[in-house]
Amino acid sequence: MIRVLFVCLGNICRSPMAEAVFNSLVEKNGLAGLIDSDSAGTSDYHIGEPPDSRTMDVVQKYHLNLDHQGRQFTTHDFHKFNYIMAMDQSNLSNIKRLLPSQASDDTIFLMRDFDDKAGAKNVPDPYWSEADGFEEVYQILLRSCQNFIDYLKKNHTDLART
């Protein structure tokens, strides 16, 4: 089982939406049961809270499933997940600051490392925006998650056969 963790700041907007988009694409690509995902935030702002209502609006618009409560990223996540996907440079720095000294960071990525239309490296935080900001994030995540799945298929022989 390949385990992927999506990480943003508060774990109520970008990372839970990434989790929902990714899980949907895992299903569509016939990889259910082979890949699992979760999401977390680098801050403790929204621990135990549901995703932002605007995130849920987008998730429901695209008929995605999301049952999530905000949680904070911990050092245990380095051992539990094969890949860690940061939504922006700030969260990437926060993640790497917690990286155990003996661990490698070669499976920690920026989400937009997999966006073939990226002009910027960060998935913008839509928290202070209107609905269109959440739609923009969805479109970025849709492209990035599919490209990440393609990357996983190329780099894991057990996924290449599907």
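Throughout, read-outs are computed from the coordinates displayed, never taken from laboratory work. Just so it is clear, the model here is predicted, and its values are computed rather than measured. Cβ coordinates were reconstructed from backbone atoms using ideal geometry, including for glycine residues, and neighbour counts include every protein chain displayed.
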Per-residue ellipticity at 222 nm for the chain, helices alone: DSSP H runs ≥ 4 residues times -39500 (n - 2.57), over residue total, nearest 500 deg cm²/dmol? -12500 deg cm²/dmol
So who's got an amide H within less than 5 Å of the one on residue 36, skipping anything under 5 residues away but keeping other chains? H placed 1.01 Å off N, in plane. 2, 3, 4
Among DSSP bridges having both ends in the chain, what percentage is antiparallel? Round to the nearest 5. 0 percent
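Ratio of Rg to Rh for the chain, alpha carbon only, Kirkwood?
Working: Rg = 14.6 Å, Rh = 15.6 Å.
Value, to two decimals: 0.94.
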Points 7 angstrom from Cα along the Cβ direction at residue 103 and residue 90: gap in nanometres? 2.2 nm
If contacts are Cα pairs under 8 angstrom and at least 6 residues apart, what is the relative contact order of the chain in percent? 27 percent
Considering only lysines 8 or more places apart in sequence, or on different chains, count the pairs in the chain whose C-alpha atoms sit under 19 Å apart. 5
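Taking the Cα centre of the chain as origin, work out the dipole magnitude from +1 charges on Lys and Arg Cβ and -1 charges on Asp and Glu Cβ, in debye rounded to 20.
Working: 16 positive and 23 negative charges, 94 e Å.
In debye, rounded to 20, the chain gives about 460.
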